[in-house]
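> Mind having a look at this structure? Questions to follow.
The values are calculated or read from the model by the stated rules, or taken from the named source; none is laboratory data. What you are looking at is a predicted structure, and each value in this text was computed from that prediction instead of being measured. Glycine gets a Cβ as well: all are built from the backbone with ideal geometry, and neighbour counts include every protein chain shown.
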Amino acid sequence: MKEAAGKGLGFSVRDATDLGRTVDLQHTELWRACLTRKGMAPDSIDFAAVPRGEKCPDHWDAHVPTPKTPDLIGKDFAESYDRLLKKGYNSQFIAVFYGSHGAVGPEGVPQVHGEICSQSPKPGEPYDASEHVELHVATGKCPSA
């Protein structure tokens, strides 16, 4: 992908599988290109990519088992956020609510430190590319119920 950009070629990047994940262009280092084809526009390339921890499929829109939403409740926010990104969740679709500060924009995510108290979708639910993730983070430990 960097090579195409360096050559001034137009390019698009999409999930190589049938999961329909949106490739996070803010975190391209977590994705790897598996397949290419000529793009619709002149001098353009289409890339099919998967998160680095996944095996590259041998064809476009390959069927893969639907992953389950990980259980992040009670876990460290920074580690959990990175885990979501590495699983193919797009940072633009992860809403973070931090203590009494409310919603945190993407630029504020590195300053969030604490324990995840609740999440949506719930742990174990099947991955759905159209669903946004919400993480509610305590400034420290979650309050006792």
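> Within segment 105-145, work out how many residues are surrounded by 10 or more Cβ atoms within 10 Å (Cβ to Cβ) and farther than 15 Å from T69 by Cα. Quick ask: steps written out before the conclusion?
Start the filter on segment 105-145 by keeping residues that are surrounded by 10 or more Cβ atoms within 10 Å (Cβ to Cβ), which leaves 106, 108-110, 112-123, 125-129, 131-142.
Narrowing further to those that are farther than 15 Å from T69 by Cα: 106, 108-110, 112-115, 117, 136-142.
Adding up the residues that qualify gives 16.
> Same structure, new question: Answer with yes or no whether D71 is at pLDDT below 95 and among the charged types (D, E, K, R). I'd like the intermediate steps shown before the answer.
Working: at pLDDT below 95: no; among the charged types (D, E, K, R): yes.
So D71 fails the test.
> Among the strands (runs of 3 or more DSSP E) contained in segment 44-145, which hold 3 or more residues that are of a type outside the set (A, V, I, L, M)?
Numbers: elements: 44-51, 94-98, 102-104, 116-120, 133-137.
Qualifying strands (runs of 3 or more DSSP E): 44-51, 116-120.
> Still on this model: Could you list all residues from segment 101-130 that are within 20 Å of D18 (Cα to Cα), charged (D, E, K, R) and either in contact with a strand residue (DSSP E or B) (Cβ under 8 Å, 6 or more places away or on another chain) or at pLDDT below 90 (or both)?
E125
> Could you list all residues from segment 71-104 that are surrounded by fewer than 16 Cβ atoms within 10 Å (Cβ to Cβ), of a type outside the set (A, V, I, L, M, F, W, C) and either within 17 Å of the chain's Cα centre (by Cα) or at positive phi (or both)?
D71, G74, E79, D82, R83, K86, Q92, G99, G102
> Quick one: in segment 34-65, of everything that is farther than 14 Å from F11 by Cβ and exposed (fewer than 12 other Cβ atoms within 10 Å of the Cβ), which residue is modelled with the lowest pLDDT?
Checked segment 34-65; the qualifying residue modelled with the lowest pLDDT is G53.
> If you take the residues in segment 6-33 that are of a type in the set (G, A, S), on the phi < 0 side of the Ramachandran plot and in contact (Cβ under 8 Å) with a residue 24 or more places away in the chain, which one is surrounded by the most Cβ atoms within 10 Å (Cβ to Cβ)? I'd like the intermediate steps shown before the answer.
Within segment 6-33, the subset of a type in the set (G, A, S) is 6, 8, 10, 12, 16, 20, 33.
Adding the requirement that they be on the phi < 0 side of the Ramachandran plot leaves 6, 10, 12, 16, 33.
Those still in the list that are in contact (Cβ under 8 Å) with a residue 24 or more places away in the chain too: 10, 12, 16, 33.
Values: G10: 14, S12: 15, A16: 26, A33: 20.
Filtering segment 6-33 for residues that are of a type in the set (G, A, S), on the phi < 0 side of the Ramachandran plot and in contact (Cβ under 8 Å) with a residue 24 or more places away in the chain, the one surrounded by the most Cβ atoms within 10 Å (Cβ to Cβ) comes out as A16.
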